[in-house]
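First comes the structure, then the notes that go with it.
The values are calculated or read from the model by the stated rules, or taken from the named source; none is laboratory data. None of these values were measured; they are calculated from a predicted model. Cβ: placed from backbone, ideal geometry, glycine included. Neighbour counts: every protein chain shown.
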Amino acid sequence: MNKRLRTILQYFFFLGLGIFFAWLSLKNLDKEKIEKIKTAVANAKHWLIIPVFFILFLSHYVRALRWRLLIKPLGYTTSRMNTFFSVMIGYLVNQGVPRLGEVVKCSVLSRYEKIPVDKLIGTIILERIIDAITLLIIFGITLAIQPDLYTKIIDTFFNTRADSERDKTSYTLITLILLGIAVALFFIWMFIRKKTFSDVGKILKSVGKRILEGVCAIRLLKKRKQFVFLTILLWGLYFSGGYIGFMAFQETEQYGIREAFTILSAGSIGMIASPGGIGAYAYMIAQSMQLYGLSYPIAVAFGWILWLATTAVIVIGGLISFVAIPYYNKKRNIETG
């Protein structure tokens, strides 16, 4: 299977997953619930979109600063703006094709900073490992400050009483179909690539070794305290975006830190599950907010609005970065030349 076909299949799989989650979050909306959503949105504090936009843009800039610290041990000092533009362009590409944005942002930065792409990709692997560890810590904090949350999650996602037996059966059937497709694709891949289970084991072992090497590579960082600070600041900004979002609706303004940790955890999973989090992000947020008694239509509206705000920042910032990065470097070359 060539790379182009694999990329196309990957794209349609994740896009299909996103559409499935979008259907799940919207399928129970009737005319009355839609009217409730319209009323809630009309009465929302729309001016809060300004600080949310600022926070999200700042989070991407902080991510760029943190990436610069990972690049520095390679012997390169990158421009802050080039790194930021590359991050935004990468996010924009990820909206269409999952994971491709990581390669694109490395390619863009490589072009303007003259750094080998393979070295930059190594820093991205390390960055993702650190993000995964941070996310696990956030999960731990979320459950630690809400001991009964795990039971609520199981009840909401798997044993929802409001669901009819028909709905439960359809969810089970869809889940089995998706698992079946995943298993079939795995065996097709093994057949085409002529791999055995022993080969798969070796691949997994190799991946595990690379992950371990990536984690150990952080010891090369000279500014570890600054890196830790930027990581805390980055996730703190993500947290703040959701927390301020609560203030936008009358129905959610009573929520606070505990709920903000929950939607940060759930939203992070949603962003990973589909291209740009389409469908999955809103679904995860909506389901999570119902744990705290928020009505279904308002929970759906809240989830989709948070996703729209996040996506708008990426689209606007990414498009501006595409246009700005060549002009910035042209001016930079003139000043240094």
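Structure values in brief
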item	result
Lone qualifier among I305, I325, I263, I278 - being surrounded by 23 or more Cβ atoms within 10 Å (Cβ to Cβ) and β-branched (V, I, T)	I263
Cβ pairs under 6 Å, 6+ apart, first in segment 124-148 and without any contact (Cβ under 8 Å) to a residue 12 or more places away in the chain, second assigned to a helix (DSSP H, G or I) and buried (at least 16 other Cβ atoms within 10 Å of the Cβ)	L143/L149
Set S198, S240, S170, S206: member being surrounded by 10 or more Cβ atoms within 10 Å (Cβ to Cβ), modelled with pLDDT of 80 or more and part of a helix (DSSP H, G or I)	S240
Residue that is surrounded by the fewest Cβ atoms within 10 Å (Cβ to Cβ) [pool: residues in segment 44-74 that are more than 16 Å from S321 (Cα to Cα) and of a type outside the set (A, V, I, L, M, F, W, C)]	H46
Contacts under 7 angstrom Cβ, first residue in segment 179-201 being aliphatic (A, V, I, L, M), partner surrounded by 10 or more Cβ atoms within 10 Å (Cβ to Cβ), 6 or more apart	I192/M1
Considering residues of segment 75-106 that are farther than 19 Å from V313 by Cβ, polar (S, T, N, Q) and in contact (Cβ under 8 Å) with a residue 40 or more places away in the chain only, the residue surrounded by the most Cβ atoms within 10 Å (Cβ to Cβ)	N82
Residue match in segment 82-89 (condition: touching a Cys at 6+ places or on another chain (Cβ under 8 Å), over 22 Å from K222 (Cα atoms) and in a helix (DSSP H, G or I))	yes
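A quick yes/no check of all residues on (1) at pLDDT 85 or above; (2) part of a helix (DSSP H, G or I); (3) touching a strand residue (DSSP E or B) at 6+ places or on another chain (Cβ under 7 Å); (4) more than 20 Å from D148 (Cα to Cα):
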site	(1), (2), (3), (4)
G276	no, yes, no, yes
Y283	no, yes, no, yes
M289	yes, yes, no, no
F302	yes, yes, no, yes
L306	yes, yes, no, yes
T311	yes, yes, no, yes
I314	yes, yes, no, yes
L319	yes, yes, no, yes
